[in-house]
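Have a look at the structure below, then the notes.
The values are calculated or read from the model by the stated rules, or taken from the named source; none is laboratory data. Source: prediction; values computed, not measured. Neighbour counts are summed over all protein chains in view; Cβ atoms, including those assigned to glycine, are modelled from backbone coordinates with ideal geometry. We work out accessible area using only protein heavy atoms, side chains counted, and drop any ligands, DNA or RNA first. Shrake-Rupley method; radii C 1.70, N 1.55, O 1.52, S 1.80 Å.
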Amino acid sequence: MKLHLTGIAGTGMGSLAGLLRDAGHDVRGSDEHVYPPMSTQLEELGIPVMTGFRPENLDWAPERVVVGNVCRRDHVEVLAAQQRGIPLVSFPALLCELFLTERNSLVVAGTHGKTTTSSLMSFVLTEAGRDPSFLVGGVPVNFLRSWRLGRGPDFVVEGDEYDTAFFDKKSKFLHYRPRLVILTSVEFDHADIFADENAVKNAFREFVALIPPEGNLVVCAASPGAMDVAKSARCQLTTYGRPGSDAQWTFEVTGRNLGGRSILRVAHEGKGVASLDTGMAGIFNMENLAGVIAAGNCLGIELAKIARAARRFLGVKRRQEVCGIAYGVTVVDDFAHHPTAIRETLGALKGRHGPGKLIAAFEPRSATSRRAVFQHDFVDALAVADEVVLAPLHAPEKVPADQRLDVERLAADLRGLEIPARVIAGAEATAEHLSKRAAPGDTVTIMSSGDYGGLHDLLLARLGDPVRPARPGDKTQIGQLLDRAGITHAALDKVWSEFLVMPAPEGAEIAACVAIEHVEEDALLRMLAVTPERRGEGLGYSLVDAAMKKARMDGALQLYLVTDGAQGFLGEKLGFDVIEQKSISPAITATVEYQMARSKTSTWMRKEL
């Protein structure tokens, strides 16, 4: 089928485009603002994108035009489609028609935690060998894309309560034919379309009533709103929650590992049934994990397989994502923009990345966060941080003056609690301020539903010599650096995401890089390279140190590397031990790196994490 997506560069529409293409459809689209990472993703998929909205974009005669909820009835391409007799269809309706009708629809819904929970559910199903399909509202790090078309019967979809299209004002998730639902929470949100909390609950009540009697509703017992909504269900009900929630599935933290990982004891009906190692931080994320365990049990997945997946789950981009370390300061990116999400995110990050201050930078950008409805709640949420910087309201003209959040008052209320807080306009000025306030050991958490004007990279650059995860746009520069170092990199297109990089100050090239390959429960450092002009400045040390921390946080138990002469430095400075090749784990000996480094001059080293 020939399908045109109006607004294709949005997160949801771009992901739908990838799913449609994988299913064999002819997909094209248009958008006004097309920039990375979505522009890069669409280009790599070979999906043509027309810049700007105009009637001529439909000249290729698509059979349908897919419109998102940002399109109004007077949109130029909507009018053009109607004039040409091309049917309009919404994103949710098309998703249901083409992918959900004949599949087992597993929907994750709720005010908070949808993206993380649906990503984890998808990974559990994959690790259990069920070959699922999924479409989620973020990018799971284990998959590096927000969709997957599998051959199995399960389809995991993130169920959004926002409205569908200008011609369908019902919530999106009402299209998804749910058979199993994880309901994480229900609170007031989306103040631009819901009048109050009861209106939100009514949308969720209508949704859970769609689950057939033989289906399952897995609901968080710690959310009063979710439990209230669950009364409308006519299916089997399973509850999960934090300690003391009186749920069927509960957990308790029994230990902490280096790198911020936790050991959870999982109980069913009060009886311990499993022990899990997870890198997911914070009580909300642990609840999300408990919800996936309960849902997996409904599907007959063995607890041992769920535990393995939980240990190997690497999280979701823009959800407590470490976007770089510079000058000993960890810079974290998070999508949080609701008071509850902000409070839980900050609580999870306290002390996770270092013993210093937790500095929060918050941009009120979403439709709800720009409104005064949460004026007092934001004070309580942001007070978890040690210091706060606020951006002025994004596009304040879109909110009536008497309904706008007062950010200056918010800052003053925080100062009244003896928390340093100020409003700073502009990402450049904010980066300058934060670079002076942050010290080694501190964590700066940047929270926005947008990009905060590129604050993350601006701050890392100000702090100097940042180490950050590689991005698709770094592939060419990584390849050039490896060429200069004489390191083979034939499969760089497939492994670029394993790299940590140090961009040069001018940003035009990569000054240093290293790859971290995860192999079962171990990790292997490889392709360490530093540009000749900067050797001797300690860049290699900074990279390997950051790589050790990341491998530990990602769950590796041992870290291996091979060297031809740096064993003294690596041993003394970083704690690696020289080992005999016969003591290398079988998983590591099966890697290409091991096969390529078997010369007598090669020294293998290992560090227990």
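Some values worked out for this structure:
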read-out: For Asp545: the one exception among (1) closer than 22 Å to Ala504 by Cβ; (2) in contact (Cβ under 8 Å) with a residue 60 or more places away in the chain; (3) open to solvent by 20 Å² or more (accessible area, probe 1.4 Å); value: (2)
read-out: Of residues in the range 107-140 being surrounded by fewer than 24 Cβ atoms within 10 Å (Cβ to Cβ) and either of a type in the set (Lys, Arg) or modelled with pLDDT under 90 (or both), the one nearest to Glu197 (Cα to Cα); value: Gly137
read-out: Scan of the range 14-51 for residues that are in contact with a Pro (Cβ under 7 Å, 6 or more places away or on another chain) and closer than 19 Å to Gly137 by Cα, ordered by number; value: Pro37, Thr40
read-out: Number of the condition not met by Val218 [criteria: (1) of a type in the set (Val, Ile, Thr); (2) over 22 Å from the mean Cα position of the chain (by Cα); (3) open to solvent by 10 Å² or more (accessible area, probe 1.4 Å); (4) over 30 Å from Ala372 (Cα atoms)]; value: (3)
read-out: Whichever residue in the range 326-353 is farther than 14 Å from Asp189 by Cα and in contact with a His (Cβ under 8 Å, 6 or more places away or on another chain) and, among such residues, is most open to solvent (accessible area, probe 1.4 Å); value: Glu344
read-out: Spans of helices (runs of 4 or more DSSP H) in the range 57-169 with at least 3 residues under 21 Å from Lys305 (Cα atoms); value: 114-127
read-out: Spans of strands (runs of 3 or more DSSP E) in the range 442-557 with at least 1 residues within 22 Å of the chain's Cα centre (by Cα) and of a type in the set (Val, Ile, Thr); value: 443-447, 499-503, 510-519
read-out: Qualifying residue in the range 591-609 (condition: within 28 Å of the chain's Cα centre (by Cα) and buried (at least 16 other Cβ atoms within 10 Å of the Cβ)); value: yes
read-out: Test for Ser223: is it over 27 Å from Ala93 (Cβ atoms) and open to solvent by less than 40 Å² (accessible area, probe 1.4 Å); value: yes
read-out: Pairs with Cβ under 6 Å, 6+ apart, first in the range 59-79 and under 25 Å from Asp160 (Cα atoms), second at pLDDT 95 or above and loosely packed, with under 15 Cβ neighbours inside 10 Å; value: Arg64/Pro87
read-out: Conditions (1) touching a Lys or Arg at 6+ places or on another chain (Cβ under 6 Å); (2) more than 30 Å from Arg365 (Cα to Cα): number failed by Ala81; value: (1)
read-out: Residue match in the range 302-314 (condition: more than 13 Å from the chain's Cα centre (by Cα), surrounded by fewer than 19 Cβ atoms within 10 Å (Cβ to Cβ) and not in a helix (DSSP H, G or I)); value: yes
read-out: Output for the range 232-243, where each listed residue is open to solvent by 60 Å² or more (accessible area, probe 1.4 Å) and in contact (Cβ under 8 Å) with a residue 12 or more places away in the chain; value: Arg234, Gln236, Leu237, Arg242
read-out: Flag if Met286 is part of a loop (DSSP other than H, G, I, E, B) and either open to solvent by less than 10 Å² (accessible area, probe 1.4 Å) or among the hydrophobic types (A, V, I, L, M, F, W, C) (or both); value: no
read-out: Top-ranked residue in the range 269-283 [being assigned to a loop (DSSP other than H, G, I, E, B) and open to solvent by 60 Å² or more (accessible area, probe 1.4 Å); ranked as modelled with the lowest pLDDT]; value: Gly270
read-out: Conditions (1) within 29 Å of the chain's Cα centre (by Cα); (2) open to solvent by 10 Å² or more (accessible area, probe 1.4 Å); (3) under 18 Å from Asp377 (Cβ atoms): number failed by Lys398; value: (3)
read-out: Residue within the range 354-364 that is under 27 Å from Thr250 (Cβ atoms), open to solvent by 10 Å² or more (accessible area, probe 1.4 Å) and not β-branched (Val, Ile, Thr) present; value: no
read-out: Filter result for Ala360 (modelled with pLDDT of 90 or more and in contact with a Ser or Thr (Cβ under 7 Å, 6 or more places away or on another chain)); value: yes
read-out: Checklist (1) closer than 30 Å to Cys513 by Cα; (2) in contact with an Asp or Glu (Cβ under 9 Å, 6 or more places away or on another chain); (3) at pLDDT 90 or above; (4) open to solvent by 10 Å² or more (accessible area, probe 1.4 Å) applied to Leu455, failing item; value: (4)
read-out: Residues being closer than 20 Å to Cys298 by Cα, among the small types (Gly, Ala, Ser) and surrounded by fewer than 20 Cβ atoms within 10 Å (Cβ to Cβ) - total across the range 246-268; value: 1
read-out: Residue match in the range 366-377 (condition: within 24 Å of Arg319 (Cα to Cα), modelled with pLDDT of 95 or more, open to solvent by 10 Å² or more (accessible area, probe 1.4 Å) and hydrophobic (A, V, I, L, M, F, W, C)); value: no
read-out: Hey, Lys573 part of a helix (DSSP H, G or I) and modelled with pLDDT under 90 or not; value: yes
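Yes or no, residue by residue, for (1) touching a helix residue (DSSP H, G or I) at 6+ places or on another chain (Cβ under 7 Å); (2) of a type outside the set (Val, Ile, Thr); (3) at pLDDT below 90:
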site: Val501; (1), (2), (3): yes, no, no
site: Ala504; (1), (2), (3): no, yes, yes
site: Ala508; (1), (2), (3): no, yes, yes
site: Met527; (1), (2), (3): yes, yes, yes
site: Glu533; (1), (2), (3): no, yes, yes
site: Lys550; (1), (2), (3): no, yes, no
